[in-house]
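Here's the structure we're looking at; comments come further down.
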Amino acid sequence: MFKKILVPTDGSQQAAHASTIAARLAKSQGAQVVGVYVLDPFPYIGIGDASAVGLQAYLTEAKSAAGQALDALGKVCADEGVPFVGDTIERNVVYEGILETAEAEGCDLVVMGSHGRQGIKALILGSVAQKVLTHAKVPVLIAKS
């Protein structure tokens, strides 16, 4: 039924939980897992050397976090014997990056974790999972942990 499953990751426990579910589902379907880590662009635009140094430090740390998160997802997939590819992209709006990746890669399912916030916290903080669920053109499986 599913051939390519997109798994957005941020390295959190929720993403790890979703990774396990996605890898097991992919194994049962003979599907491939596509991982994506969406980087927020450098938040400070300044003048002078401080901006360049800050940008480099930010990118180094962000790419390291992305690499660790994608490596963890890749390991879960390898343990299940599931084909995996992963990529890091940079977008201003995380959920849009997830949806763009799903479309560009031809994914037919998105599996992602959620903090499961409710009420005022969900309204104030927003929810990437909620936005993906609302705007996706393919089925979305939300793994609450």
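The values are calculated or read from the model by the stated rules, or taken from the named source; none is laboratory data. Because the structure is predicted, anything quoted here is derived from the model rather than measured. Cβ coordinates were reconstructed from backbone atoms using ideal geometry, including for glycine residues, and neighbour counts include every protein chain displayed. Accessible surface is based on the protein model in full, side chains and every heavy atom, while ligands, DNA and RNA are left aside. Shrake-Rupley method; radii C 1.70, N 1.55, O 1.52, S 1.80 Å.
Magnitude of the charge dipole for segment 73-118, about its Cα centre and with charges confined to Cβ atoms of Lys, Arg (+1) and Asp, Glu (-1), is about 260 debye. How many percent of all Cα-Cα pairs in segment 1-42 sit more than 14 Å apart? Of the Cα pairs, 47 percent sit more than 14 Å apart. Close amide H contacts of residue 3 (hydrogens built in the peptide plane, cut-off under 5 Å, sequence separation of 5 or more or a different chain): 108. Near the amide H of residue 145, within less than 5 Å, lie the amide hydrogens of 114, all on another chain or at least 5 residues away, with H placed in the peptide plane. Rounded to the nearest Hz, the phi-derived 3J(HN,Hα) couplings of segment 8-19 under the Karplus curve 6.51 cos²θ - 1.76 cosθ + 1.60 (θ = phi - 60°) are x, 9, 10, x, 7, 4, 5, 5, 5, 4, 5, 4, where x marks glycine and proline. Taking 7 Å steps out from each Cα toward its Cβ at residue 58 and residue 138 produces label points 3.0 nm apart. For segment 100-114, 3J(HN,Hα) computed residue by residue from phi via the Karplus equation (6.51, -1.76, 1.60; θ = phi - 60°) reads 4, 5, 4, 6, 4, 8, x, 6, 10, 7, 10, 10, 9, x, 9 Hz, glycine and proline entered as x. The calculated FRET efficiency for the pair residue 78 and residue 3, based on their C-beta separation and a Förster distance of 30 Å, comes to about 0.95.
Over segment 1-46, with the other protein chains present, what is the accessible area per residue in square angstrom, probe 1.4 angstrom?
48 Å²
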